[in-house]
Amino acid sequence: MTRLPVIETDRLRLRPLQMEDGPHVFAIFSNERVLRHYGMEPHQTLEETEQMLTHMLAQIETGAIIRFAIELRESNTLIGTIGFHNRAPSHRRAEIGYELSPEYWRTGYATEALQAALQFAATCEIERVGAIVYIDNIASQRMLEKNGFIQEGRLHNYMRQHGQSHDVYLYSCMTRN
């Protein structure tokens, strides 16, 4: 896959992730509040985050995933990431995932990043974008619905976190009509 572009919105910049982002990504992925509905345990060390980034960057290079750093345009502050995983190019589908530092919740940044990512997906021949959301993650459900995602069903015991099973809702959005 060719190198990911830099995408600018009114307030944000979506740019390729880099290993140098490790400390900022660690601050997000070690935060229990951020990962409460994420399906993984918080990172305990910077090394864990660096291993995750190394794996992500290798998958980005092969085109298996697409992942952007989300930065504030004015300050270049990394506030989260967004991207696509579980890509099935022959079926023109992928799932979207995203997270933001809590101090940037309820600012409209997630919506702004989501809209930019969906526009980019259409250029990558991703026609169907899925999203998996914990049933008690009301904020994420509302944001997806506000941006054209439709709830398709409930998957029982689909995710495990902290040794406990969780039900999720399956959402989808078409990037092309």
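Among strands (runs of 3 or more DSSP E) lying entirely in the stretch 83-177, which contain 2 or more residues that are more than 24 Å from Met56 (Cβ to Cβ) and touching a Leu at 6+ places or on another chain (Cβ under 8 Å)?
Counting at least 2 such residues, we get 150-161, 164-174.
Where residues in the stretch 60-73 are assigned to a loop (DSSP other than H, G, I, E, B) and modelled with pLDDT under 95, which of them is farthest from Ile7 (Cα to Cα)?
Ala64
Looking at Ile70, Ile65, Ile82, can you tell me which residue is buried (at least 17 other Cβ atoms within 10 Å of the Cβ), touching a residue at least 60 places away in the same chain (Cβ under 8 Å) and under 12 Å from the mean Cα position of the chain (by Cα)?
Selected residue: Ile82, the only one of Ile70, Ile65, Ile82 that is buried (at least 17 other Cβ atoms within 10 Å of the Cβ), touching a residue at least 60 places away in the same chain (Cβ under 8 Å) and under 12 Å from the mean Cα position of the chain (by Cα).
Suppose we filter the stretch 13-48 for residues that are more than 17 Å from Asp136 (Cα to Cα) and surrounded by 13 or more Cβ atoms within 10 Å (Cβ to Cβ); how many remain?
The number of residues fulfilling the criteria is 20.
Out of the residues in the stretch 1-28 that are in contact (Cβ under 8 Å) with a residue 60 or more places away in the chain and in a helix (DSSP H, G or I), which is farthest from Thr45 (Cα to Cα)?
From the stretch 1-28, those in contact (Cβ under 8 Å) with a residue 60 or more places away in the chain are 1, 4-5, 7-14, 17, 27-28; that's our starting set.
Now drop any that are not in a helix (DSSP H, G or I), which leaves 27-28.
Working: Ala27: 10, Ile28: 12 Å.
Here the residue is Ile28.
Kindly check whether there is at least one residue in the stretch 54-74 that is of a type in the set (S, T, N, Q) and within 16 Å of Leu14 (Cβ to Cβ).
no
Among the residues of the stretch 44-57, which ones are within 11 Å of Leu17 (Cα to Cα) and over 15 Å from the mean Cα position of the chain (by Cα)?
If the condition is that a residue be within 11 Å of Leu17 (Cα to Cα) and over 15 Å from the mean Cα position of the chain (by Cα), then Thr54 is the only one that fits.
Check Tyr98, Tyr104, Tyr109 and return the single one that is among the aromatic types (Phe, Trp, Tyr), within 23 Å of Ile79 (Cβ to Cβ), surrounded by 15 or more Cβ atoms within 10 Å (Cβ to Cβ) and in contact (Cβ under 8 Å) with a residue 60 or more places away in the chain.
The conditions single out Tyr109.
The values are calculated or read from the model by the stated rules, or taken from the named source; none is laboratory data. Note that the structure is a prediction, hence the values are computed from the model and not measured. Don't worry about glycine lacking a Cβ; one is built from the backbone with ideal geometry, like all the others, and counts go over all protein chains shown.
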